[in-house]
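**Student:** Please see the structure below; I have some questions.
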Amino acid sequence: MPASTSLLTTQTSAVQSTQYSNYQNKVARSRATSEPVWVRWTLIAIVLLFLGLFLIVPLAAVFTEALRKGFDTYITALIDPDALSSIKLTLIAAAIAVPLNLVFGVAAAWAIAKFEFRGKSILITLIDLPFAVSPVIAGLIYVLIFGLQGWVGPTLMDYDVKVIFAIPGIVLATIFVTFPFIARELIPLMQAQGKDEEEAGLVLGASGWQILWRITLPNVKWGLLYGVILTNARAMGEFGAVSVVSGHIRGMTNTLPLHVEILYNEYNYAAAFAVASLLAILALVTLVLKSFIEWKVARNAEIDEKS
Amino acid sequence: MAKQKNVLPGFNLSLGFTIFYLSLIVLIPLSAAFIKTTDLSLSEFWTIVTAPRVVASYQLTFGASLLGALINAVFGLLTAWVLVRYTFPGKKIIDALVDLPFALPTAVAGIALTAVYAGNGWIGQWLEPLGIKVAFTPIGVIVALTFIGLPFVVRTVQPVLEDLEAETEEAAASLGANRWQTFSKIIFPAIWPALLTGFALAFARAIGEYGSVIFIAGNVPFVSEITPLIIITKLEQYEYASATAIAVVMLIISFLLLFAINGLQWWVSRRASSDN
């Protein structure tokens, strides 16, 4: 995996790493290369305790706190007009950011995986930059450009276009923080697949777009879907960057995570956790889909091996 | 291969669009931060970024990130080991849950951790009698940063552990090594570059983190105030130049970390390919 030299490797190469067959299936462990039973169970217990304290208990707390004042309060918090408008804004931001980053991801992966050119590794590092940037700074840089004292903010104001403290700023910040995910998932996959099939398509008279639609994209569809799901989860959940550019106008520029913050800071805990539980459900659905894709990819790899 | 003529179409279009979009979304906006700081003289810049309250926030941000990453290095390695080597009921669910900090919005993580670790929370109520206060103290910051960095070490070490050849361990055992010797002399040398990479990733992620920390930290200046929060506070007071100056300091540190991590991973992959 030459291309997996990136910050994202951990998060997104799981589609690839599940292609390695499971260690246990490969080797029947003998006593000489495994630990005594008591060591094994002690280690398992420590890990379960650690993950319990840091993952499972907080996750359970979200739902318990959300339902503490009963189901009616829970529903009321969710159908509140401000909550509904924050849900709408979150969906709008994701609906714009995800497709744009998808197109970018495919274009970047096509250029990087199928061609050799100078400065390729610099380009890959630059694509990674948004990971290294604090979300707060991601918001700040757009304020510097589009804010009232910014580079183009005053000019845009003359035309009555608002970016900061308005929806365009939220969309931009969302695009920035989710920028590399799909590209980073596709680049190693498309590099691993080489370009033999594309060249065969070309010889048989297919156009560039036909090659992309009929050969390249079907070959990487699971990786693509994986990248889209992760991008979507991050887009809907982004807090720091969006918080800087949103201006927190209730019912106008509040996304779901910002609405959670406002309710929480008003000591309206039950409502805050009710809205938070929606985002927690989104996270759980993301994890289920992710596991499903990994299972699917592993199964396809197995079928390929047998045939 | 580089010399061979490439017949595939779309190079100019795809690379052109990539560079255009990258410049528009990332490069030009980021350069705005650096250009904005030229509004300040060097001595003004220095006064802002070395103000005592700001320096205290660097110490907390970097110290807590380091501790969080260290906790993750130890428990992440253990988690990866247990997930790869052992079987136990519910293992698949646990494996999937490791990615929760990545999928769960940071604000949700923040309020959930606060609820659990506050003095009357599920875990906090057991720690309070022991004299350990977590929520609204620097320990809370460490807890939040441990949470958000949790997947990194597990997910970098896991594939390397899965790939280890059982034969070398069998050879070590047949030559009389006990399990601890096999681990420290055979297994650990093979996985430590991945462990270091995971540690660096968790550290880099923690430095910039905002959402999960601000709820649990209490945000007391000089005590539990992280650097990203100082940037936000300055922005809310319309002190754009000072907010940007502090942001530039953080950006430079983050970029250095990014290059270090890319270098590390390049070294890891070269090591892996020279082994084969």
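Taken together, the values in this text are just the output of simple stated rules run on the coordinates, not laboratory data. Remember, predicted model here, so these are calculated numbers, not experimental data. FYI the Cβ positions are ideal-geometry reconstructions off the backbone, even for glycines, and counts take in every protein chain you see.
**Student:** When a footprinting reagent is the concern and you count Cβ atoms within 10 Å, what order do A:SER291, A:SER243 take, fewest first?
**Tutor:** A:SER291, A:SER243
**Student:** Another question, then. I'd like the mean, over residues of B:198-211, of how many other protein chain beta carbons sit within 10 Å of each residue's own Cβ.
**Tutor:** The shielding value for this peptide is 4.
**Student:** Contact order normalised by length for chain B, with contacts defined as Cα pairs under 8 Å and 6 or more residues apart; what percent is it?
**Tutor:** It rounds to 28 percent for chain B.
**Student:** Next question. At 7 Å along the Cα-to-beta-carbon direction for both A:ILE56 and A:GLU266, put a label point, then send me their distance in nm to one decimal.
**Tutor:** Calculated label separation equals 3.6 nm.
**Student:** Using Cβ counts within 10 Å as a stand-in for footprinting exposure, how do B:LYS133, A:LYS221, B:LYS234 rank, fewest first?
**Tutor:** By the 10 Å Cβ count, ascending, the order reads A:LYS221, B:LYS133, B:LYS234.
**Student:** Enumerate by residue number the GluC sites (Glu not before Pro) in the range A:246-307 meeting two conditions: DSSP loop (anything except H, G, I, E, B), and at most 11 other Cβ atoms within 10 Å of the site's Cβ.
**Tutor:** Answer by residue number: A:GLU266.
**Student:** Is there a quick way to get the dipole size of the range B:42-275? I mean about its Cα centre, with the Cβ of Lys and Arg at +1 and of Asp and Glu at -1; what is the value in debye to the nearest 20?
**Tutor:** For this selection, approximately 180 debye.
**Student:** Hey, another quick one. Need one word for chain A: rounded, prolate or oblate. Basis is the Cα gyration tensor (sqrt eigenvalues a ≥ b ≥ c); a/c below 1.5 gives rounded, then a/b vs b/c decides.
**Tutor:** Judged from the Cα gyration tensor, chain A comes out oblate (a/c at least 1.5, b/c at or above a/b).
**Student:** Label-point separation (nm) for A:ARG118 and A:ILE79, each offset 7 Å from Cα along Cα-to-Cβ?
**Tutor:** 6.5
**Student:** What whole number of Å gives the distance from the Cα centroid of the range A:131-176 to the Cα centroid of the range A:62-117?
**Tutor:** Result: 20 Å between the Cα centres.
**Student:** Provide the FRET efficiency to the nearest 0.05 for the A:THR155-B:LEU27 pair, computing r from the beta carbons and using R0 = 30 Å.
**Tutor:** Working from the Cβ atoms, E equals 0.90.
**Student:** Can you give the FRET efficiency for B:GLN237 and B:LEU70, using 1/(1 + (r/R0)^6), R0 = 45 Å, r = Cβ-Cβ distance, to the nearest 0.05?
**Tutor:** Values: r = 35 Å, r/R0 = 0.78.
Here the calculated transfer efficiency is 0.80.
**Student:** Calculate the mean, over all residues of peptide A:57-69, of how many other protein chain Cβ atoms lie within 10 angstrom of the residue's Cβ.
**Tutor:** 5
**Student:** Could I ask something else about it? If you place +1 on the Cβ of every Lys and Arg, -1 on the Cβ of every Asp and Glu, and leave all else neutral, what size is the dipole of the protein assembly as shown about its Cα centre, to the nearest 20 Debye?
**Tutor:** 780
**Student:** Continuing with the same structure: Once you have the Cα-Cα distance between A:SER34 and A:ARG299, take 0.36 nm times their residue separation minus that, and quote the gain in nm to one decimal.
**Tutor:** Numbers: separation 265, 0.36 × 265 = 95.40 nm, distance 2.75 nm.
That pair, A:SER34 and A:ARG299, stretches by 92.7 nm at full extension.
**Student:** Right, something else. Based on DSSP H assignment, which helices of chain A show an axial Cα extent of at least 18 Å together with a mean Kyte-Doolittle hydropathy greater than or equal to -1.0?
**Tutor:** Working: long enough: A:37-51 (21 Å, 2.29); A:81-114 (49 Å, 1.44); A:120-132 (19 Å, 1.46); A:181-193 (19 Å, 0.64); A:221-237 (24 Å, 0.56); A:269-306 (54 Å, 0.97).
Helices passing the filter in chain A: A:37-51, A:81-114, A:120-132, A:181-193, A:221-237, A:269-306.
**Student:** Apply the membrane-span-like helix rule to chain B: whole DSSP H runs, Cα extent along the own long axis of at least 18 Å, mean Kyte-Doolittle hydropathy at least 0.5. List the helices found.
**Tutor:** What comes out of the filter, once short or polar helices are dropped, is B:52-85, B:138-163, B:188-208, B:240-275.
**Student:** Where a ≥ b ≥ c are the square roots of the eigenvalues of the C-alpha gyration tensor, would you call the range A:146-227 rounded, which needs a/c under 1.5, or, failing that, prolate if a/b is larger than b/c, or oblate?
**Tutor:** Since a/c reaches 1.5 and a/b is larger than b/c, the shape of the range A:146-227 is classed as prolate.
**Student:** Would you please name the chymotrypsin sites (Phe, Trp or Tyr not before Pro) within the range A:208-307 that are DSSP coil residues with at most 10 other C-beta atoms within 10 Å of their C-beta?
**Tutor:** A:TYR267
**Student:** Residues of A:45-51, mean number of Cβ from any other protein chain within 10 Å of their own Cβ, rounded to a whole number?
**Tutor:** 6
**Student:** Only loop residues by DSSP count here, and only those with at most 14 other Cβ atoms within 10 Å; note down the GluC sites (Glu not before Pro) in the range B:143-236 that meet that. Before the final figure, lay out each step's value.
**Tutor:** Numbers: sites: B:GLU162, B:GLU165, B:GLU167, B:GLU169, B:GLU170, B:GLU209, B:GLU225, B:GLU236; in loops: B:GLU165, B:GLU209, B:GLU225.
Qualifying residues, ordered by number: B:GLU165.
**Student:** Using the Cα atoms of the protein assembly as shown, I'd like the radius of gyration and the largest Cα-Cα distance, Dmax, both in angstrom.
**Tutor:** In order Rg, Dmax, the Cα atoms of the protein assembly as shown give 24.2, 80 Å.
**Student:** Would you mind computing Rg(Cα) / (2.2 N^0.38 Å) for the range B:42-275, counting N as its residues?
**Tutor:** The range B:42-275 yields a ratio of 1.18.
**Student:** Where does each of A:ARG184, A:ARG118, A:ARG40 land when they are ranked from fewest to most other beta-carbon atoms within 10 angstrom? Write out the running numbers ahead of the final one.
**Tutor:** Working: A:ARG184 27, A:ARG118 8, A:ARG40 16.
Least to most surrounded, the residues fall as A:ARG118, A:ARG40, A:ARG184.
**Student:** Over the range A:136-178, one equal point on each Cα, no solvent: what is log10 I(q)/I(0) by the Debye formula at q = 0.24, 0.27, 0.34 Å⁻¹?
**Tutor:** -0.74, -0.89, -1.19
**Student:** May I pose another question? Pairs to check: B:LYS91/B:LYS185; A:LYS69/B:LYS92; B:LYS133/B:LYS234; A:LYS120/A:LYS290; B:LYS133/B:LYS185; A:LYS306/B:LYS92. Give those whose C-alpha atoms are more than 31 Å from each other in this structure.
**Tutor:** Details: B:LYS91/B:LYS185 28 Å; A:LYS69/B:LYS92 33 Å; B:LYS133/B:LYS234 29 Å; A:LYS120/A:LYS290 29 Å; B:LYS133/B:LYS185 40 Å; A:LYS306/B:LYS92 24 Å.
Violating the 31 Å Cα-Cα cut-off are A:LYS69/B:LYS92; B:LYS133/B:LYS185.
**Student:** Where Rh is the Kirkwood radius over the Cα pairs of the range B:182-276, the temperature 25 °C and the viscosity 0.890 mPa s, what D in µm²/s does Stokes-Einstein return?
**Tutor:** 154
**Student:** Which of the three applies to the range A:83-203, rounded, prolate or oblate, going by the alpha-carbon gyration tensor with a ≥ b ≥ c and a/c under 1.5 meaning rounded? The partial results should precede the final answer.
**Tutor:** On the way: a/c = 2.54, a/b = 2.01, b/c = 1.27.
Since a/c reaches 1.5 and a/b is larger than b/c, the shape of the range A:83-203 is classed as prolate.
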